[in-house]
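Okay, structure first, notes after.
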């Protein structure tokens, strides 16, 4: 891009998308002033507010679901799609019209990612979008919001005229990366550079610590970047080496693509609540189960982000007297969330553990085919055994929304520490992340 005014970093996440930026002509020696772009979005029908994150949800609204004025944005009166906070919340009540996890669909090799298949159970075929189009819709909202806010009086400041870094998981294959670029082009962003999430997370940590990062790492350190996001889990190994007397970062291994993350955890929580209801004689159909899944996502995020929250209310809408006469109210407790996450996804295991391999059957009512074994710690054991042998990382950098929970980070550190021999020293240390939600966008700008 010729003479961009800004460098923009976009973290196109499974659950949330984040945008950061700084001036492109920053003078050498001056510190970077990296800021978040607060994204205008609907938070309720007809109500627009700026938020630091854009939930990566798309509501394909029916004629009577949300009024045309309720979907209007400051830069567009007629909006057939709703993207962001309102889409996420309204989608709990209209689960068959909600597109979630577009990023996971973008790397789903079991479907044609260019065909209109989303929402998975949408009643009107003509309303459906392809995974590529869904990702493009999120990026287009970001582009339009930026242009309305930042470039209203100066065409040079339009997003398409800036230098744009768009992040992807390190484990994305070549096709998934090409489809990500295609989605960007559909949205009007024709010049983007792809950057891997783990690199961005590490550069966010470097930016946060300025020149002091070289005092926190030493030559020979082996850093594990453990990224557990909304749809995927990624492991990367970074070796700290030395070049011309300066510390340098060298990526030496990237794990295989693991379609296991917050989505699976939300689904596991939903089935936990489903079993509790079944014991009381209450049955849910697939439409209600999908709504419960999205409700559990909101509950999990609230509980993990608020250390004082002990329970979050859940509501399942009724579907008539033949099944359930009215609305069902229940709750999700912190104990259930922590037990399901820790025991189901981060169990204690031996260093020689391996994921259990079974035939990929998928979750048919949700459409996506997830990794057969959800035990992330077993996948980590396999990754390290294949790439480090008897050695273990000396440091860990965590990233991703799921990792915000302190007890999840503690469990991973506990498991890895149990793999060390009695004479191994020093202990594996945790490198403090700049911000589990915002690091990738900020780090991509710094890069």
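Does residue 389 meet the test of being on the phi > 0 side of the Ramachandran plot and either exposed (fewer than 15 other Cβ atoms within 10 Å of the Cβ) or at pLDDT 90 or above (or both)? It is true that residue 389 is on the phi > 0 side of the Ramachandran plot and either exposed (fewer than 15 other Cβ atoms within 10 Å of the Cβ) or at pLDDT 90 or above (or both).
Look at the stretch 321-334: where a residue is under 11 Å from residue 296 (Cα atoms) and outside the structural domain of residue 93 (by TED's automatic domain parsing) and a partner is in a loop (DSSP other than H, G, I, E, B) and modelled with pLDDT of 80 or more, sitting 6+ places away or on another chain with Cβ atoms under 7 Å, you get 333/310.
What about residue 361, is it within 30 Å of residue 110 (Cα to Cα), outside any strand (DSSP E or B), in contact with a strand residue (DSSP E or B) (Cβ under 9 Å, 6 or more places away or on another chain) and at pLDDT below 90? Show your work before the answer.
Details: within 30 Å of residue 110 (Cα to Cα): yes; outside any strand (DSSP E or B): yes; in contact with a strand residue (DSSP E or B) (Cβ under 9 Å, 6 or more places away or on another chain): no; at pLDDT below 90: yes.
Criteria not met by residue 361.
Listed by position, the helices (runs of 4 or more DSSP H) contained in the stretch 113-214 that have at least 2 residues being surrounded by 19 or more Cβ atoms within 10 Å (Cβ to Cβ) and at pLDDT below 95 are 197-209.
The residues of the stretch 272-290 that are modelled with pLDDT under 85 and touching a helix residue (DSSP H, G or I) at 6+ places or on another chain (Cβ under 8 Å), listed by number, are 287, 290.
The set of residues from the stretch 243-256 being part of a loop (DSSP other than H, G, I, E, B) and surrounded by 18 or more Cβ atoms within 10 Å (Cβ to Cβ) comprises just one member, 255. Of the residues examined, residue 383 is not one that is in contact with a strand residue (DSSP E or B) (Cβ under 8 Å, 6 or more places away or on another chain), closer than 27 Å to residue 52 by Cβ and modelled with pLDDT of 85 or more.
Evaluate the stretch 311-334: report whether one residue or more is surrounded by 15 or more Cβ atoms within 10 Å (Cβ to Cβ), modelled with pLDDT of 85 or more and in a helix (DSSP H, G or I). Checked against the condition, which is being surrounded by 15 or more Cβ atoms within 10 Å (Cβ to Cβ), modelled with pLDDT of 85 or more and in a helix (DSSP H, G or I), the stretch 311-334 yields at least one hit. Taking the stretch 61-87 only, how many residues are under 19 Å from residue 291 (Cβ atoms), surrounded by 12 or more Cβ atoms within 10 Å (Cβ to Cβ) and modelled with pLDDT under 95? Counting residues in the stretch 61-87 that are under 19 Å from residue 291 (Cβ atoms), surrounded by 12 or more Cβ atoms within 10 Å (Cβ to Cβ) and modelled with pLDDT under 95 gives 4. Total residues in the stretch 221-240 satisfying the condition of being at pLDDT 90 or above and either surrounded by fewer than 18 Cβ atoms within 10 Å (Cβ to Cβ) or assigned to a loop (DSSP other than H, G, I, E, B) (or both): the figure is 2.
Mind listing whichever residues of the stretch 284-301 are assigned to a loop (DSSP other than H, G, I, E, B) and in contact with a strand residue (DSSP E or B) (Cβ under 7 Å, 6 or more places away or on another chain)?
Going residue by residue through the stretch 284-301, those that are assigned to a loop (DSSP other than H, G, I, E, B) are 284-285.
Scanning the stretch 284-301 gives a single hit, 284.
The values are calculated or read from the model by the stated rules, or taken from the named source; none is laboratory data. Keep in mind that what you see is a predicted model, and the values were worked out from it rather than measured. All Cβ positions, even for glycine, are placed from backbone atoms using ideal geometry, and neighbour counts span all protein chains on display.
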